[in-house]
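The values are calculated or read from the model by the stated rules, or taken from the named source; none is laboratory data. What you are looking at is a predicted structure, and each value in this text was computed from that prediction instead of being measured. Note that we place each Cβ from the backbone using ideal geometry, even for glycine, and neighbour counts take in every protein chain shown. Accessible surface is based on the protein model in full, side chains and every heavy atom, while ligands, DNA and RNA are left aside. Shrake-Rupley method; radii C 1.70, N 1.55, O 1.52, S 1.80 Å.
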Amino acid sequence: MWLQDWSRVKDLDLIIVLFALHAVLEAQVTHNRKQQKEELTWPSQGLWSEWTSWSSCSSTCGDGAAFRKRRCLWATKEKCSGVQRQYKLCQSGVCPADASPFRSMQCSLYNYKSIPGTRHRYQWVPFDGAPTACDLHCLAVGHNFYYTFGRVLDGTRCGPNSDGTCINGECLTAGCDGILGSEATTDSCGKCEGQNQSCVFIQGVFREPFPSTGIFQYKNVTRIPAGATQIKVTDRSRNFLALMSSNRRYVVNGNWAVSWPGVYKVAGTEVHYNRTETSHEILEAPGPTKDDLYILVLFQERNPGIEYEFWLPKETFQSIRDGFKNKNPAYHSEIALVPWVHDPTPHSNHQPLKDAAELREDLSVSTGSCRKCMKPRGRVKRVKNYCESDFVIRARILAKRLLGQETRYDIQVMYVYKKNFPIVHREYIWVSNTCDCPELQVRQEYLLMASRHVNYEHTLNRILLSANSYVKPWSPHEDQQLRNIGRLCSASL
């Protein structure tokens, strides 16, 4: 009996122990579930709701501002970080010609209404000389004082020449994302808040030496392909940089003429050309370019090295590099040289690339190849060239001589149809190539339309023919075509 009772006691203790273990486990599970639920429901930091849609524009026409907002889902301790409202520029169509500017309209709302401190009533117009741009400062018409009617409405421009917009009394400018007050900027590839991951940095130095013959001439430096951004070309000599568009027309310093420093529009961008008193030249353009651009140099002294750099979309860079590898003639033409050989990765130190001379040697690219000569045709071409030329003459070719990369002709002037400068019976006339373009034969007579070239230092005065100049064998018919042609110049220009 005692043994039987003892076994019952042991069974009872085991049951109690099992119940205790079960209670502990269940309490742990309940605690874990509660903790997981709290972590899911109550984050350590605040959460934002989704943005609402943009509001309507603050102005009925012209520039204004629109806003959107979001709600903070409160946390246990910390609030949401960031802004609750965002503003962006908007435009509600073009304003009528007789519409008042937005700030003027706000001042006119107070016309002939009394202001504190006086019973007089005035007509008001905007006053721009006050120190705070986003307060509504209005000048009393016919008087020398202005009054401030509080803040301007959201969407008002900060000033006549300002890019900023007033929001809640603060002048804000838009980032590249269009959001007012945003600090978002474009990278060198032109991508908003990018990391230069979509483009390649191109850098090189053109070191071709001054020709031993000492002849003044243009030389190819590089081609800047379409899509390039952040372009900069620097020359630190008395040589002249020249810029040519994709249709082979000079934009800066072409045709033996020196351009004034300034801004030139080409290929969908603005090129800023600057030349200092120490003869340093800089060509800069933000891009992106819509067409190819060509950089050339007119040698007049030793070349210390022409530095150039720009950014190029990766896909454009890859297609051009493949063209070089496949020896595509489109990339090996006379002025279509792109001196780079590798793809520097973003955020690297951008190691300098090979210069143009080294690249041409590597690729066996010939820059002295001649093309088929262009022959002038038609009355329009004749009139245009006549009006744009400094000299129109009938001349006999007495001798021909190649000097460096140029051709010099000794001519006898037989008759002068037009001259903007003095000319004598024996002259030298120059062509800046050795390809016999235009085609001139010794002991033959030609009709020549030429230009005068004077260098920057006024130490060189020459008569020039280009490869596209109007040149034809002289004949009575050609002579007749030139009689009284000068009267057409004013109509053609």
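Filter segment 373-423 down to residues that are in contact with a Lys or Arg (Cβ under 6 Å, 6 or more places away or on another chain) and closer than 21 Å to Asp436 by Cα, then give me how many there are.
So the count comes out to 6.
Filter segment 226-242 down to residues that are part of a loop (DSSP other than H, G, I, E, B) and buried (at least 21 other Cβ atoms within 10 Å of the Cβ) and give me whichever is modelled with the lowest pLDDT. Looking at the filtered set, the residue picked out is Asn239. Of all residues in segment 433-444, those being touching a Ser or Thr at 6+ places or on another chain (Cβ under 9 Å) and either under 22 Å from Ile423 (Cβ atoms) or of a type in the set (Lys, Arg) (or both) number 2. Checked against (1) open to solvent by 40 Å² or more (accessible area, probe 1.4 Å); (2) farther than 18 Å from Glu315 by Cα; (3) out of contact with any Cys (no Cβ under 7 Å at 6 or more places or on another chain), Lys191 passes all but condition (2). Is there a residue in segment 316-332 that is closer than 21 Å to Tyr218 by Cβ, open to solvent by less than 50 Å² (accessible area, probe 1.4 Å), of a type outside the set (D, E, K, R) and at pLDDT below 80? Scanning segment 316-332, I find at least one residue that is closer than 21 Å to Tyr218 by Cβ, open to solvent by less than 50 Å² (accessible area, probe 1.4 Å), of a type outside the set (D, E, K, R) and at pLDDT below 80, so the answer is yes. Cys95 falls short on exactly one of the conditions (1) modelled with pLDDT of 85 or more; (2) surrounded by 11 or more Cβ atoms within 10 Å (Cβ to Cβ), and that condition is (1). Taking first residues from segment 198-209 that are farther than 15 Å from Gln230 by Cβ and open to solvent by less than 50 Å² (accessible area, probe 1.4 Å) and partners that are part of a strand (DSSP E or B) and not charged (D, E, K, R), the Cβ contacts under 8 Å between residues at least 6 apart in sequence or on separate chains come to Val205/Ile306; Val205/Tyr308; Phe206/Val221; Phe206/Thr222; Phe206/Val297; Phe206/Ile306; Phe206/Tyr308. In segment 413-431, the residues that are polar (S, T, N, Q) form Cβ pairs under 8 Å with partners that are part of a strand (DSSP E or B), at six or more places apart or across chains, as follows: Asn420/Phe391; Asn420/Arg452.
How many residues does segment 306-315 hold that are open to solvent by 10 Å² or more (accessible area, probe 1.4 Å) and touching a residue at least 12 places away in the same chain (Cβ under 8 Å)?
Count: 5.
Filtered by the rule that a residue be farther than 15 Å from Ser469 by Cα and open to solvent by less than 70 Å² (accessible area, probe 1.4 Å), segment 422-433 gives Ile423, Glu427.
When Asp154 is tested against the conditions (1) without any contact (Cβ under 8 Å) to a residue 12 or more places away in the chain; (2) open to solvent by less than 70 Å² (accessible area, probe 1.4 Å); (3) among the charged types (D, E, K, R), the lone failure is (1). Residues considered: Ile115, Ile167. Of these, the only one that is crowded, with 17+ Cβ neighbours inside 10 Å and touching a residue at least 12 places away in the same chain (Cβ under 8 Å) is Ile167. Any idea which of Tyr294, Tyr250 is within 23 Å of Gln405 (Cβ to Cβ), free of Cβ contacts under 8 Å to residues at least 12 places away in the same chain and hydroxyl-bearing (Ser, Thr, Tyr)? Answer to the selection: Tyr250.
The residues of segment 195-225 that are in a loop (DSSP other than H, G, I, E, B), touching a strand residue (DSSP E or B) at 6+ places or on another chain (Cβ under 7 Å) and modelled with pLDDT under 85, listed by number, are Ser198, Glu208, Phe210, Pro211, Thr213, Ile215, Phe216.
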